[in-house]
1. Name the residue, out of SER30, SER36, that is at negative phi, hydroxyl-bearing (Ser, Thr, Tyr) and assigned to a loop (DSSP other than H, G, I, E, B).
2. Which condition number does ALA34 fail, the rest of (1) surrounded by 14 or more Cβ atoms within 10 Å (Cβ to Cβ); (2) hydrophobic (A, V, I, L, M, F, W, C); (3) within 30 Å of TYR104 (Cα to Cα) being met?
3. Listed residues ASP71, ASP84, ASP63, ASP46; which is exposed (fewer than 10 other Cβ atoms within 10 Å of the Cβ) and in a helix (DSSP H, G or I)?
4. Could you tell me which of the residues ALA67, ALA73, ALA62, ALA49 is among the small types (Gly, Ala, Ser), touching a helix residue (DSSP H, G or I) at 6+ places or on another chain (Cβ under 8 Å) and either in the same structural domain as TYR14 (by TED's automatic domain parsing) or closer than 27 Å to ARG137 by Cβ (or both)?
5. Give the residues of the stretch 87-136 that are more than 27 Å from the chain's Cα centre (by Cα), in a helix (DSSP H, G or I) and surrounded by fewer than 12 Cβ atoms within 10 Å (Cβ to Cβ), sorted by residue number.
6. Scan the stretch 76-99 and report the pairs whose first residue is without any contact (Cβ under 8 Å) to a residue 40 or more places away in the chain and whose second residue is of a type in the set (Gly, Ala, Ser), with Cβ atoms within less than 8 Å and a gap of 6+ or a chain change.
Amino acid sequence: MSLTAKQRVFVEEYLRTWNATSAAKAAGYSEKTARSIGQENLTKPDIAAEVKRRLSERAMPADEVLARTADIARGDLTEWIDADGRLDVPALKAAGKGYLLKKYRVTRRTHTTKGGDETETVTTEVELYPADAAHDRLMRYHGLYNDKVRVTDWQDEVIDLLRRRELEPADVRAAYPDLADDIFARAGIQVHVDDRPD
């Protein structure tokens, strides 16, 4: 089923404002009913499906996020810099790499000398997103930080063996009768009555 004209306007406004009441008003619903209609519209299957479809079109998949972050971490624009040191912004955009630029500004100033001659000074500012922040994100994603130090003792090893089912609770109880209940609790294991000694 296709959306009505009012519903299409509602979806557009909702995606712009994230406010169901104002989206309903913009779609032409009355001030009195805008709040309830707005909430109701979000529960209608056709409208909800359209909102979800539109959001998925806008969303950036994880692979693309990682690729862009890697490009920022590399911070390499040399392919788009000509022999005179000028950045070819149209070529950069055409290559789909415009997102590498955080700031690009060209300032032209004309100066008149005492003799009446005019000279022009062109200043170009280029700023990239910080590569170190991108490196940090990638390192965290790949789990390359090892800033947690874990001290293990023999009980941690017993707990690990219990969790992996490489050690039976009855064996632990036999070997460590005074500590067994504490070890089972730390391992998150419930011991049945038949595992206890007679």
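The values are calculated or read from the model by the stated rules, or taken from the named source; none is laboratory data. Since the model is a prediction, treat every value here as computed from it, not as a measurement. Quick reminder, even Gly has a Cβ in these numbers, built from the backbone with ideal geometry, and neighbours come from all protein chains shown.
1. Details: SER36 fails: assigned to a loop (DSSP other than H, G, I, E, B).
Being at negative phi, hydroxyl-bearing (Ser, Thr, Tyr) and assigned to a loop (DSSP other than H, G, I, E, B) holds for just one of SER30, SER36, which is SER30.
2. Going through (1) surrounded by 14 or more Cβ atoms within 10 Å (Cβ to Cβ); (2) hydrophobic (A, V, I, L, M, F, W, C); (3) within 30 Å of TYR104 (Cα to Cα) one by one, ALA34 breaks only (3).
3. Values: ASP71 fails: exposed (fewer than 10 other Cβ atoms within 10 Å of the Cβ); ASP84 fails: in a helix (DSSP H, G or I); ASP46 fails: exposed (fewer than 10 other Cβ atoms within 10 Å of the Cβ).
From the options ASP71, ASP84, ASP63, ASP46, the qualifying one is ASP63.
4. Numbers: ALA67 fails: touching a helix residue (DSSP H, G or I) at 6+ places or on another chain (Cβ under 8 Å); ALA62 fails: touching a helix residue (DSSP H, G or I) at 6+ places or on another chain (Cβ under 8 Å); ALA49 fails: touching a helix residue (DSSP H, G or I) at 6+ places or on another chain (Cβ under 8 Å).
Only one candidate passes the filter, namely ALA73.
5. Matches in the stretch 87-136: PRO90 only.
6. Every condition considered, the pairs that remain are GLU79/ALA95; TRP80/ALA91; TRP80/ALA95; VAL89/GLY98; LEU92/GLY98.
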